[in-house]
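Okay, so here's the structure we're looking at.
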Amino acid sequence: MSDAENLDRLEALFEAVRSQRPRPEKLAAWLSASTLLTREDTPEALAQTVSGTHAQLRAELGWRSPTGVLRWLYAAMLTQSDVPVERFLAARTALREGASGFKRMSLHAGGARAALMLCIGSKDDTPIERFFEMREALAPPWWRANAAVTDTYAAIHAARGDDPAEVLARRTAAEAVFEAHPRARGHRRDGAKLCALLGVDPGEALARFKAMDAARQTHKPLRRYAFRQSYLLWAVQGLTVEDALAIHEVREALPRSVSSTGGARTALAHLVYTAGRNGAQDGALSAMDAVIAAQTAMMVSVIAATSVVTTTSASSNGSST
């Protein structure tokens with residue numbers, strides 16, 4: 001579909017999801033809608049399935065993770081990938097039980113993130129043991145540990161059957177390439193992780209990043225902070241200056257009700273633009289992007305609310321593994 005057709009379907013899906021009871025928050029509805037873009041079912045049918053999946057998660061999980069916006073997003077992702085709630089819950093339980101056999105093992109959100117990625121990334125089985133092996137190999141030093149990010153990448157690699165030693169070698173090689181460039185250095189670890197995941201040549205990715213970075217001088221929209229912090233990841237995904245400009249057009253065409261908090265508007269535009277494009281995203285990577293977008297938006301919202309209460313300003317964003 002064209003970007004215009006994707007936007008029309010996005011709005012139809014948003015309205016259908018928002019019509020459900022209980023009614024999800026707008027951010028949850030927009031991200032859920034973006035997750036369902038490539039499904040051919042009617043918006044009403046998809047929204048009803050998502051609502052039913054959300055109800056199952058609520059009944060089984062209660063106050064446990066995922067909650068709030070993320071629970072709706074998980075429901076949409078499970079619907080998109082035809083993953084039964086029972087399989088997701090069984091994987092979550094198996095991960096929690098398996099973690100007890102590892103020292104210093106602290107799963108993010110009680111294993112919910114890893115369970116989601118394992119179920120979406122592997123259709124035939126749920127490789128729990130392979131996940132733990134991958135996580136042990138990829139775990140960073142404690143001073144820059146981020147369980148959410150480590151679980152996400154470890155689960156996708158494990159679902160694909162990747163070899164931990166090869167993943168580490170690809171990460172190390174890519175990080176060295178990005179480290180050598182002063183403008184890419186600050187995002188070298190995130191870029192290296194994605195290079196290893198996608199099997200992308202870091203030199204080619206860096207060339208695309210340089211072009212995007214240089215384009216800021218002539219294209220004002222590309223100077224947006226929410227764009228600049230994504231350039232290296234977009235370059236690794238194979239996106240070019242022309243793609244970045246197209247994402248800006250999609251961003252501007254999104255309804256005003258789409259929040260720009262924490263870069264959520266830019267993240268949604270990226271998800272809409274890459275939906276269904278060969279080589280840009282697969283199911284697990286789309287899930288990863290949507291979850292990170294949702295968590296970042298919520299994190300910034302909490303920081304902003306705290307700032308108002310305490311009459312101080314605060315701003316924080318980032319991830320590492």
Starting from the Cα-Cα distance between residue 108 and residue 12, subtract it from 0.36 nm times their residue separation and give me the gain in nm to one decimal.
-> 31.3 nm
Residue separation between residue 58 and residue 19 times 0.36 nm, minus their alpha-carbon distance, gives in nm 12.2 nm
Calculate what fraction, in whole %, of the accessible area of the range 223-276 sits on carbon and sulfur atoms when a 1.4 Å probe is rolled over the protein chains.
-> 48 percent
A convex hull over the alpha carbons of the range 153-203 yields, per residue, a volume in Å³ of 58 Å³
To the nearest 10 square angstrom, what accessible area does residue 175 show with a 1.4 Å probe?
-> 50 Å²
Expressed in nanometres to one decimal, the distance between label points 7 Å along Cα→Cβ at residue 253 and residue 137 is 4.2 nm
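Work out the FRET efficiency for residue 144 and residue 41 from their Cβ-Cβ distance, taking R0 = 30 Å, and round it to the nearest 0.05.
On the way: r = 42 Å, r/R0 = 1.40.
Given R0 = 30 Å and the Cβ-Cβ separation, E is 0.10.
What fraction, in whole percent, of alpha-carbon pairs in the range 4-106 exceed 19 Å separation? All intermediate terms of the calculation are to be shown ahead of the outcome.
On the way: 2275 of 5253 pairs.
I get 43 percent for the Cα pairs in the range 4-106 exceeding 19 Å.
Using the heavy atoms of the protein chains and a 1.4 angstrom probe, tell me the accessible area per residue for the range 71-161 in square angstrom.
Numbers: 3760 Å² over 91 residues.
Heavy-atom accessible area per residue stands at 41 Å².
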Once the in-chain neighbours fewer than 8 apart are removed, the aspartates and glutamates whose Cα is under 13 Å from residue 123 read 82
Arrange the residues 177, 258 by how much accessible surface each exposes, largest first, with a 1.4 angstrom probe.
-> 177, 258
Aspartates and glutamates with Cα under 17 Å of residue 210, excluding same-chain neighbours fewer than 8 positions away = 175, 179, 190, 201, 242, 243
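The values are calculated or read from the model by the stated rules, or taken from the named source; none is laboratory data. All values reported here derive from a predicted model rather than from experimental measurement. No Cβ is skipped: glycine too gets one built from the backbone with ideal geometry, and neighbour counts run over all protein chains shown. Side chains included, ligands, DNA and RNA excluded: accessible areas come from the protein's heavy atoms. Shrake-Rupley method; radii C 1.70, N 1.55, O 1.52, S 1.80 Å.
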